[in-house]
């Protein structure tokens, strides 16, 4: 994803450079069309703005480690870890579509999630893959597909959408929304069922 964005930025810069001349106009010999330097400049600015929201490798690793810590907290029923990475006023919403096609939405609270982890039950395993991470200063988003197992059984799948804020040098999840799809509609983790 980062490589594709960088290549796109370079391509736009190259096109803008080739298309501009001393009189601010250039002609594309292949297409026979005119392109102004101002138009090329706007495309470069748009591509650069998009690239500006790509995290550094260090930020990407830290952001994804925070998301993974949520999954680890679920799996280990670790309420201390859970409350450390989730903002006290976190907003959590899910949207579900049943096998019959009926849509429902629900809201979760931090207190409700803590109570769920404190209750006995089989291990919960949530896994993500191919996460898309964007950042602007101390604000980040993560969009990722996931699958969710209760014990050895696939429970559901969908997409997670996280909003994180950098607090005191670390990242904290301030909002989490997800879709909840039921098998057999599920896209599964490329590694197969959890081992």
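No lab work stands behind these numbers, since they all come straight from the coordinates. All values derive from a computational prediction rather than experimental measurement.
Principal axis extents for the range 57-181, Cα atoms only, whole Å, descending order, please.
42, 30, 25
Provide the convex hull volume over Cα atoms per residue for the range 148-195, in Å³.
With only Cα atoms used, the range 148-195 gives 113 Å³ per residue.
Let me check against my output: what whole-number percent is the relative contact order of the range 57-181, with C-alpha pairs under 8 Å and at least 6 apart?
27 percent
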